[in-house]
Amino acid sequence: MHTPEMLAQWDRDHYWHAFTQMAEYEPLIIDSASGVWLYDIHGNRYLDGISSMWCNLHGHCNPVIDEAIGAQLKKLGHATSLGMATTPAIELTRRLAELAPGDLNHVMFGSDGSSAVEAALKIAFQYWRQCEEPQPQKTSYIALGEAYHGDTLGSASVGGIDRYNAIFQPLLFNVHRLPVPDSRTLETDAGPQLFLGQLESLLAKHHEEIAALVIEPCIQAAAGMVFHPAGYLHGVRELTSKYNVLLIADEIVTGCGRTGRMFACEGEDVVPDLLCLGKSLTGGYLPLSATMATTEVYEAFLGSHASGRAFRHGHTFAGNPLAAAAAFASLELLTSEDVQSRLQLLIDQLCGILHGMDSLPHVSEVRQKGLIAAVDLAPGGSKTAIYPVDLRIGQKVCRDALKRKVWLRPLGDTLVIMPPLCISAEEMAFLGEVLHESIEVVTQQQQ
């Protein structure tokens, strides 16, 4: 039996953590979990306030998903998707096609969100070379400022967050970059016309060379939970259709019920040409992502072997039957009457919690869509001033919350709330109380 001290030392010595400065890392080692609670190797428990980085949908050790994985493990652990299929993968593609808007009837699996977006970019590129009216000059993309679509080279190229991508810029391809359509920069009740005008100007000038526009529908998560103005996504779809440009919807974060709907696109009656899923797809259990395509896009890849039209792309573990079984079980849970009836109650409760935080003196804004919420911190609640970056106020609030048994991870000085859907009313209230107290304690210390 390895002691906690040994594990902590090995963690420091060998485990290179993602998005982490290892010179400053202090081990927090999770040994088990149940529902919304994480248990460390010392027996402490922490409420998982952001669903283990936005992916654990139904809580940890959910009995339905546990059973689905266990049953599949007794039958088949893995088989390739190259030239063959497995029962769970087929069943999952059918279920996704039933749930997705429009005719997004064709699914290519990957391992994570980055690979889903990477596949979508390549599909869009190849589509214009072999569709009914080929336009091989369409080789560029439109993306938004402060976008995040993953960290492979293609997905990073359409990303727009410098702190992640700047060092790799020589490796990335250029894109047409639009300003962030941040609703906070508009006057109260202003519509999306300013941002849509910027898009149309770009499309009018460059549409003949643009293969696709890639967008996180309604919410740019890694940018600090930036909310787009209502109607923006709908307008984007209208303009991309008008100028014959494909629309890629990156629903890695917003998909699978997080916004109160199965897909954020549905909230604005939008059917993209390609839709990317990840994170919550398996309920946060196993790596699996999906790139969904409309029939029009898919059929451009059909032909004889000699035609060379096939999509030469794939990953070893794409469509893994264990992951597919978990995803199918997660979707069945998500669409069940029990979860759907509880979801709106949780959304309403979270709204009340945020209303209480909005009056705190150093909170500049709270915002919410479904069970995704954000709290912006600023000195004196200012709408324009920000804390000095080296103060790391958001990080300090999260450290204080950890002492109070709630685990969160900030985006700069924006605090993110995204609990599993299984959270009880009592647990949600506890999460709100701790966050309220931690904001008060830390911000008062800065005065």
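Ordered by the number of other Cβ atoms lying within 10 Å of each residue's own Cβ, fewest first, CYS398, CYS276, CYS131 fall into the sequence CYS131, CYS398, CYS276. A cut-off under 14 angstrom between Cβ atoms defines the neighbours of VAL226, and their net charge, with Lys, Arg +1 and Asp, Glu -1, is -4.
Listed by chain and number, the aspartates and glutamates whose alpha-carbon sits under 15 Å from that of LYS396, ignoring those within fewer than 8 places in the same chain, are GLU24, GLU26, ASP376, ASP413, GLU437, GLU440. Out of every Cα-Cα pair that segment 1-103 contains, those further apart than 20 angstrom amount to 63 percent. Counting only whole DSSP H helices of the chain, the ones at least 27 Å long by C-alpha along their axis and with mean Kyte-Doolittle hydropathy no lower than -0.5 are 337-357, 425-445. Taking a straight Cα-Cα cut-off under 20 Å and skipping sequence neighbours fewer than 8 places away in the same chain, the aspartates and glutamates within cross-link reach of LYS75 are ASP66, GLU67, GLU91. Calculate, for GLU433 and GLN21, the FRET efficiency according to 1/(1 + (r/R0)^6) with r their C-beta to C-beta distance and R0 30 Å; round to the nearest 0.05. With R0 = 30 Å, the Cβ-Cβ based efficiency is 0.45. Would you calculate the separation in nanometres between label points at ILE167 and ASP103, each defined as 7 Å from the Cα along the Cα-to-beta-carbon direction? Result for the modelled spin labels: 4.6 nm. Note on segment 393-446: Rg/Rh from Cα positions, Kirkwood definition for Rh, rounded to two decimals, is 0.97. When the Cα convex hull of segment 297-337 is projected onto planes of every orientation, the mean area is 4.7 nm².
Taking a temperature of 10 °C and a viscosity of 1.306 mPa s, what whole-number D in µm²/s does Stokes-Einstein yield for segment 257-324 with Rh from Kirkwood over alpha carbon pairs? It comes out at roughly 111 µm²/s. Residues MET108, MET1, ranked from the fewest to the most other C-beta atoms within 10 Å, line up as MET1, MET108. Looking at [x] 24, 58, 18, 0; [y] 26, 59, 15, 1, 0; [z] 24, 52, 23, 2, which value of P(r) over Cα pairs in 20 Å bins from 0, in percent comes from a calculation on the structure shown? Working out P(r) over Cα pairs in 20 Å bins from 0, in percent from the coordinates points to [x]. Placing +1 on each Lys and Arg Cβ and -1 on each Asp and Glu Cβ, with no other charges, gives segment 66-334 a dipole about its Cα centre of roughly 700 debye. Values of log10 I(q)/I(0) for segment 336-443 across q = 0.15 Å⁻¹ run -0.59, by the Debye formula with one identical scatterer at each alpha carbon and no solvent. Close amide H pairs (under 5 Å, H built 1.01 Å from N) link GLU216 with ASP250, residues at least 5 positions away or on another chain. Taking the three principal axes of the alpha carbon atoms in segment 222-338, the coordinate ranges are 49, 41, 29 Å, sorted in descending order. Multiplying the residue separation of GLN447 and GLU208 by 0.36 nm and subtracting their alpha-carbon distance yields 80.6 nm.
Counting other Cβ atoms within 10 Å of each Cβ, which GluC sites (Glu not before Pro) in segment 155-236 have at most 10 and sit in a DSSP loop?
GLU187
Within the shell of other residues whose beta carbon sits under 11 angstrom from the beta carbon of GLU216, the net charge comes to -3, with Lys and Arg scored +1 and Asp and Glu -1. Listed cross-link partners LYS383/LYS403; LYS138/LYS205; LYS242/LYS369 are compared with a 25 Å cut-off, the Cα-Cα value being larger for LYS383/LYS403; LYS242/LYS369. With K and R counted +1 and D and E -1, the other residues having a Cβ less than 14 Å from that of GLY267 yield a net charge of -1.
Segment 271-304 and segment 12-39 have their alpha-carbon centroids 31 Å apart.
With each label point set 7 Å from Cα along the Cα-Cβ vector, what nm distance links MET84 and GLU332? So the two model labels end up 2.5 nm from each other. Only Cα pairs under 8 Å and 6+ residues apart enter the sum, and on that basis the relative contact order of segment 66-334 stands at 30 percent. Kindly put HIS78, HIS106 in sequence by how many other C-beta atoms sit within 10 Å of each C-beta, fewest to most. Arranged by neighbour count, lowest to highest, HIS78, HIS106 become HIS78, HIS106.
Where a number appears in this text, it was derived from the coordinates with a stated rule and is not lab data. Being a predicted model, the structure only gives us computed values, none of them experimental. As a convention, Cβ positions derive from the backbone with ideal geometry for all residues, glycine included, and neighbour counts pool all protein chains shown.
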